[in-house]
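Here's the structure we're looking at; comments come further down.
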Amino acid sequence: MTEYEEHRYDVIIIGAGGAGLRAAIAAREAGMRTAIICKSLFGKAHTVMAEGGIAASMGNANSNDNWQVHFRDTIRGGKFLNNPRMAELHAKEAPDRVWELETYGALFDRTADGKISQRNFGGHEYPRLAHVGDRTGLELIRTLQQKIVSLQQDDEKESGSAEGKLKVFAEVTITELLQDETGTIAGAFGYYRESGRFVVFRAPAVVLATGGIGKSFKVTSNSWEYTGDGHALALRAGSTLLNMEFVQFHPTGMVWPPSVKGILVTESVRGDGGVLKNSDGKRFMFDYVPDVFRKQYADNEPEADRWYTDPEHNKRTPDLLPRDEVARAINSEVKAGRGSPHGGVFLDIASRRTPEEILKRLPSMHHQFKELADVDITAEPMEVGPTCHYVMGGVEVEPDTAAAARVPGLFAAGEVAGGMHGSNRLGGNSLSDLLVFGKRAGDGAAIYVGGLQGKYPNATDESLASAAATALAPFNEQGGENPYTVHQELQQTMNDLVGIIRTRDEVQSALDKLQGYKDRAARLTVEGHRQFNPGWHLALDLQNMIWVSECIARAALIREESRGGHTRDDFPAMSAEWRQKNLVCSIDGDSIAVIEQPIPSLREDLLALFDRDELSKYLTEAELPALTEEPA
Amino acid sequence: MTYLAKFRVWRGDDKGGDLADYKVDVNEGEVVLDIIHRLQATQSGDLAVRWNCKAGKCGSCSAEINGRPRLLCMTRMSTFTEEETITVTPMRAFPVIRDLVTDVSFNYRKAREVPSFAPPANLKPGEYRMQQVDVERSQEFRKCIECFLCQNTCHVVRDHEENKQAFSGPRFLMRIAELDMHPLDTADRQHQAQDEHGLGMCNITKCCTEVCPEHIKITDNALIPMKERVVDRKYDPLVWLGSKIGRRS
Ligand SMILES: Cc1cc2nc3c(=O)[nH]c(=O)nc-3n(C[C@H](O)[C@H](O)[C@H](O)COP(=O)(O)OP(=O)(O)OC[C@H]3O[C@@H](n4cnc5c(N)ncnc54)[C@H](O)[C@@H]3O)c2cc1C
Ligand code: SF4
Ligand code: SF4
Ligand code: FES
């Protein structure tokens, strides 16, 4: 019989990034006894790395901005594949969620009249990103962390116990969700990274806020936490993932030195005046403006340059096209032999802004290049190239409550949830997503638990025993492989065969290889004991990465078109028929099944935000007649 | 450009341990954390180290390299010669859990002892107005990535476990200064800093500032001004009130 520590809560939140912390605040404020569980220390979650800002149409920099414009930009960026209800809630609620942060103590950069300053970003029509220099994610995490502490201080004053109603379990990894006989959520099972001891959380509601999947790819801006745990937990519990074929490759990651390859270079560099150039010194982005974006982007340098100071009368620079477009453009330039010495292109801000301006606006970028690459960005251009950055796909959720499909008691918010960003996320729209849907998930979980009236489901004994056995398997196996080897091969495969440009044959061969990794990963051996053992941790995480990679590859094989974060060389065009469908993944036996599901249609008042000309580029003829009248 | 480097890494747990010798490949452009990861992947699968972002942003990978408190991910191998033996040990001021991982819960306890931001009661979300020049002082301190290297370095607690009760350390004295300088905070911070967090025990040696990877001027911009405010206030209680009201307008 395995020993484990046991806790009881009303709501448990897996993940302490922006989404998890905001959900915890909401659940706690709704009176729930709440636990937050995270793999790393409190305050270190991946959100800390976000740089550019939080998108919210507060209209501080341009008073023409409002939620409808933000909504329209989001749908355009996602190429009309977004869940429209999620995009609507997000655009409407983002400003309140940002203002609320100020009441928790956040200190954003200011406008001249003392409001929150907002900056330009790719795909956003107006300056919209609330920011703190280029360390916005740190401000977000610290602010929410300090709000959690402040709630604990209140509890301590009231009851004498700071952690009685809201507690953080740091450096705990959840490996399984617990369910009753009917599949309803009853808690979660995990281990302390520090000691290797098992811990069981019994709770009727679980909020997944585990972030993304980037560690399945070799070149990525993501940290070790991004092993797709929440995605895999949801799948294994019987829920579904959608849009998994859409993976965002950020156009600007560092390319040199090799050990930092993939680390992000924030889009703010371009928002603040930096431009992309090839080895001929040419600003090549003007050659890559797709038809659907001609109306919004300049086709010549003088106009693009005027736009920074006079956005009313000029079109924006194509350096700020949505990320998928820029990443593909860089890819093409490098393939055509016009790349930089280390296989990227040049990103030049040194020749366009004074050293003082650069230091003021982009201090962490300056620091990062100086320390890691020995490059002074105020004096020389950076070398950049695409890096795996964000997964649009995720748990299929009910927009208003963040409830996960098919599994009562399961909720998901943040990067682990799918639908909000369609086929491509705009910069800045993740941090706002975390806040809007983090709060909704916490509220949703509280309402669900309230409805149970104290009758909490019970985890079956078998589910506990099997969770423990699965976690210990790598210690019992003799003569199996080292998890690091399999992980490296998986990363290489995903990078090479299911990366930024895909073909049927390559994705098919990735699927064959994945089958091999699956078999090998079932027989891994780790050395040492359970106490803080990274080899063991990786052995367990690897199972999740393989599940998620299979979802990505299977969906990528099926979707025969190119859209956003999914580019098929053999099907280069966007297809209006494919736009009507989501691909939904679930586990069937020991592999992934994918079904097509119609996507919810846009409400008439939301459709009216676009002109017919633009809509005709995305929608089928059959969808168009509803608006034969030219919208006002 | 690959060469074989000599590494000595502390291996052990709360019951004790020792330095272990390794020879390991180093490639161009690598940082110390890359080498630790190579040891994990090739020689010692269970070597424990904490890290997250590998970009100097999360403050997880704090340790001591050749006795100097540093971030493993921001220390380039090119700062050492190829002949040099590089010694990596856990932070000294905190109890070891295993290998390079220490128990930093002290810091989270101290964080909870600092009363939170206290905004004016009548101000609604969305109505906050502050000038950039007024928020900049606190913004500098909010660059802190909580690596706790300053906490590890400060001699008041580095080898004086007994002072940990009364002294919150530079990170959290700076947090109090941050709140004190927040244009809209309404609480009395100076009193707290002096009486409850041991500001008086700091003798402004600036060792904390020297190790801060964010280059925050902890001593000059947070601790010394805080001390000055405390002194002013001891002479004249109205100074504090006056400065708060003045700054709010
Ligand atoms: C370098 C970089 C810069 C970015 N810049 C921006 C930006 O400027 N604007 C923007 O909007 N977006 C940005 N993004 C994207 C954005 O930061 C992320 O999408 C977002 O922070 C994800 O937040 P989250 O709350 O979903 O998860 P995270 O912050 O990643 O948190 C995940 C949490 O889940 C925990 N967890 C995971 N698995 C488990 C498990 N099995 N058991 C227990 N706990 C677990 C982790 O420990 C962690 O606490 C950026 C991303 C990167 C990588
Ligand atoms: S300046 Fe003060 S806080 Fe900093 S190291 Fe010296 S004594 Fe410690
Ligand atoms: S003040 Fe500097 S050294 Fe201290 S914890 Fe913060 S970042 Fe680290
Ligand atoms: S790993 Fe994040 S600071 Fe080093």
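Here is how the numbers come out for the structure above:
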| item | result |
| --- | --- |
| For B:Glu64: the one exception among (1) away from ligand 2 (no atom under 16 Å from the Cβ); (2) of a type outside the set (Val, Ile, Thr); (3) not in a loop (DSSP other than H, G, I, E, B) | (1) |
| Odd one out for B:Arg112, checked against (1) touching a strand residue (DSSP E or B) at 6+ places or on another chain (Cβ under 8 Å); (2) assigned to a helix (DSSP H, G or I); (3) more than 14 Å from ligand 3 (Cβ to nearest atom) | (1) |
| Of residues in region B:141-158 being under 17 Å from B:Glu64 (Cβ atoms) and within 13 Å of ligand 4 (Cβ to nearest atom), the one farthest from the other protein chains (Cβ to nearest Cβ) | B:Leu149 |
| Some residue of region B:97-107 being open to solvent by less than 10 Å² (accessible area, probe 1.4 Å), part of a helix (DSSP H, G or I), more than 9 Å from chain A (Cβ to nearest Cβ) and within 16 Å of ligand 3 (Cβ to nearest atom) | yes |
| Region B:171-202 - residue that is within 16 Å of ligand 3 (Cβ to nearest atom) and without any contact (Cβ under 8 Å) to a residue 40 or more places away in the chain and, of those, farthest from the other protein chains (Cβ to nearest Cβ) | B:Leu199 |
| Answer from A:Gly212, A:Gly187 - the residue that is touching a Leu at 6+ places or on another chain (Cβ under 9 Å) and either outside any strand (DSSP E or B) or not charged (D, E, K, R) (or both) | A:Gly187 |
| A:Asp134 out of contact with any strand residue (DSSP E or B) (no Cβ under 6 Å at 6 or more places or on another chain), modelled with pLDDT under 95 and more than 8 Å from chain B (Cβ to nearest Cβ) | yes |
| The listed residue being at pLDDT 95 or above, in a helix (DSSP H, G or I) and in the same structural domain as B:Ala118 (by TED's automatic domain parsing), out of B:Asp220, B:Asp195 | B:Asp220 |
| Residue ID - farthest from the other protein chains (Cβ to nearest Cβ), chosen from residues in region A:477-500 that are buried (at least 19 other Cβ atoms within 10 Å of the Cβ) and outside any helix (DSSP H, G or I) | A:Val498 |
| Positions within region A:192-220 being surrounded by fewer than 24 Cβ atoms within 10 Å (Cβ to Cβ), of a type outside the set (D, E, K, R) and over 22 Å from A:Gly409 (Cα atoms), in sequence order | A:Tyr192, A:Ser195, A:Gly196, A:Phe198, A:Val219 |
| Positions within region A:517-541 being more than 14 Å from every other protein chain (Cβ to nearest Cβ) and open to solvent by 30 Å² or more (accessible area, probe 1.4 Å), in sequence order | A:Lys518, A:Asp519, A:Arg520, A:Ala522, A:Arg523 |
| Lone unmet requirement of (1) at pLDDT 90 or above; (2) of a type outside the set (Gly, Ala, Ser); (3) not in a loop (DSSP other than H, G, I, E, B) for B:Lys244 | (1) |
| Residues being open to solvent by less than 10 Å² (accessible area, probe 1.4 Å) and in a helix (DSSP H, G or I) - total across region A:1-33 | 10 |
| Enumeration of residues in region A:148-160 that are under 18 Å from A:Arg22 (Cβ atoms), open to solvent by 10 Å² or more (accessible area, probe 1.4 Å), at the interface with another protein chain (Cβ under 8 Å from one of its Cβ atoms) and not hydroxyl-bearing (Ser, Thr, Tyr) | A:Val149 |
| Sole residue being farther than 28 Å from A:Gly211 by Cβ, within 11 Å of chain A (Cβ to nearest Cβ), away from ligand 2 (no atom under 16 Å from the Cβ) and open to solvent by less than 20 Å² (accessible area, probe 1.4 Å), chosen from B:Met77, B:Met1 | B:Met77 |
| A:Ser432 of a type in the set (S, T, N, Q), in a helix (DSSP H, G or I) and buried (at least 24 other Cβ atoms within 10 Å of the Cβ) | yes |
| Some residue of region B:209-217 being hydroxyl-bearing (Ser, Thr, Tyr) and in a loop (DSSP other than H, G, I, E, B) | no |
| Qualifying residue in region A:603-624 (condition: open to solvent by 30 Å² or more (accessible area, probe 1.4 Å), closer than 23 Å to A:Ala553 by Cβ and not in a strand (DSSP E or B)) | no |
| Helices (runs of 4 or more DSSP H) fully within region B:143-186 counting 2 or more residues that are within 9 Å of the chain's Cα centre (by Cα) and at pLDDT 95 or above | B:149-153, B:170-181 |
| Region A:52-103, residues that are in a helix (DSSP H, G or I) and either within 14 Å of chain B (Cβ to nearest Cβ) or under 21 Å from B:Gln131 (Cα atoms) (or both) | A:Glu93, A:Ala94, A:Pro95, A:Asp96, A:Arg97, A:Val98, A:Trp99, A:Glu100, A:Leu101, A:Glu102, A:Thr103 |
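Every residue, every condition in (1) among the acidic types (Asp, Glu); (2) open to solvent by 10 Å² or more (accessible area, probe 1.4 Å), yes or no:
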position	(1), (2)
A:Phe42	no, yes
A:Ala56	no, no
A:Trp67	no, yes
A:His70	no, no
A:Asp96	yes, yes
A:Glu100	yes, yes
A:Ala112	no, yes
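One line per residue, one yes/no per condition, for (1) outside any strand (DSSP E or B); (2) modelled with pLDDT of 95 or more; (3) more than 10 Å from chain A (Cβ to nearest Cβ):
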site: B:Ala5; (1), (2), (3): no, yes, yes
site: B:Ala20; (1), (2), (3): no, yes, yes
site: B:Val24; (1), (2), (3): no, yes, yes
site: B:Leu33; (1), (2), (3): yes, yes, no
site: B:Ala41; (1), (2), (3): yes, no, no
site: B:Ala48; (1), (2), (3): yes, no, no
site: B:Arg70; (1), (2), (3): no, yes, yes
site: B:Phe94; (1), (2), (3): yes, yes, yes
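Matching residues to (1) acidic (Asp, Glu); (2) touching a Ser or Thr at 6+ places or on another chain (Cβ under 7 Å); (3) facing another protein chain (nearest Cβ under 10 Å):
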| site | (1), (2), (3) |
| --- | --- |
| A:Gly105 | no, yes, yes |
| A:Gln118 | no, no, no |
| A:Phe121 | no, no, no |
| A:Leu140 | no, yes, no |
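The values are calculated or read from the model by the stated rules, or taken from the named source; none is laboratory data. Since the structure is predicted, the reported quantities are computational estimates derived from the model, not experimental observations. Here Cβ is always computed from backbone atoms with ideal geometry, including for glycine, and neighbour counts include all displayed protein chains. These area figures cover heavy atoms from the full protein model, side chains too; ligands, DNA and RNA do not enter into them. Shrake-Rupley method; radii C 1.70, N 1.55, O 1.52, S 1.80 Å.
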